[in-house]
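> What follows is a single structure, and I will ask about it in a moment.
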Amino acid sequence: MRAQSEQARQAALARARTVRDGGMSAVPDAIVSVATSEATRNERPLAAAMVRELLLGQDPESARCALTGGAGTSTPRRPKTAGAGKPCAGPAGRGR
């Protein structure tokens, strides 16, 4: 995977903070607005609604870990509510 631009990296980290602070319900509208075209949102609203529903069905902790990991942070950390200082779990529950 190639490295993200600094702007994309900062956006992913900001989205991870939003998920941490507000859960998955805090991000779908913003993601749908940048991940789908205006034409799709206007002409195929069910497609946009499906993207929104898929996002709402994600586990917030897993989504946050994916966003921080994808943004190139070396050790994504769980929020204090999930255990202070524990790294995000990898494939078999192992820390990164």
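> Taking the stated definitions as given, is residue 14 part of a helix (DSSP H, G or I) and either in contact with a strand residue (DSSP E or B) (Cβ under 6 Å, 6 or more places away or on another chain) or under 15 Å from residue 61 (Cα atoms) (or both)?
Details: part of a helix (DSSP H, G or I): yes; either in contact with a strand residue (DSSP E or B) (Cβ under 6 Å, 6 or more places away or on another chain) or under 15 Å from residue 61 (Cα atoms) (or both): yes.
For residue 14, the condition - part of a helix (DSSP H, G or I) and either in contact with a strand residue (DSSP E or B) (Cβ under 6 Å, 6 or more places away or on another chain) or under 15 Å from residue 61 (Cα atoms) (or both) - is met.
> Name the pairs whose Cβ atoms lie under 7 Å apart, with the first residue in the range 16-28 and at pLDDT 90 or above, the second exposed (fewer than 15 other Cβ atoms within 10 Å of the Cβ) and not small (Gly, Ala, Ser), and 6 or more positions between them or separate chains?
24/56; 25/56; 28/56
The values are calculated or read from the model by the stated rules, or taken from the named source; none is laboratory data. Everything numeric here is computed off the predicted structure, so don't read it as measured data. Please note: Cβ atoms are built from the backbone with ideal geometry, for glycine as well, and neighbour counts cover all protein chains shown.
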